[in-house]
Amino acid sequence: MDMRNEATHLARQDGDRVAAHNANAEYLTFRLGAEEYGIDILRVQEIRSYEEPTRIANAPAFIKGVVNLRGVIVPVVDLRIKLGCEKVEYNGFTVVIVLNVHGRVVGAVVDSVSDVLELSTELIKPAPEMTLAVDTSFITGIASVNERMLILMDIEALMSSRDMGLIDTAQSLQ
């Protein structure tokens, strides 16, 4: 099964629906270490095999660099580093999920892509409230599917955080 074509097909097929307001929403699931995450399929532009990006001087460690994607320079973020996970070696399963976030294209490096799941709102439980210095603002919920526990995230919120540099200066002043 070609996940890139399936993800693109599903995103186009459901392009006119807003997943957050429906009883069912589709999520692309992926792994970061031992954890499995899900993001709204409508944010996914394509899935590509990992290629070493061109490093940008003085960029934070989680920004691996940039790649040229059909004439568009795309920043590549390693989500393992961004989320404080253990660093894992890049291998044949490592992929880049190309996302459209607030009209900008960004790549997210993940260990592997699992599948596309349709989840009903009944399966999604609220994320636990945490104190201290744990930022869970991008976690929209937790879903339990069979034996799997999925951490559902708002990839736009994560990628739009100030440390990512993807928000416009005018937006940050509001």
What does the highest-first list of 107-115, 119-127, 83-91 look like by mean Cβ count within 10 Å?
107-115, 119-127, 83-91
Starting from the 7 Å offset along Cα-to-Cβ, what nm value, one decimal, do you get for the label separation of Thr121 and Asn91?
4.0
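Where a number appears in this text, it was derived from the coordinates with a stated rule and is not lab data. Source: prediction; values computed, not measured. Please note: Cβ atoms are built from the backbone with ideal geometry, for glycine as well, and neighbour counts cover all protein chains shown.
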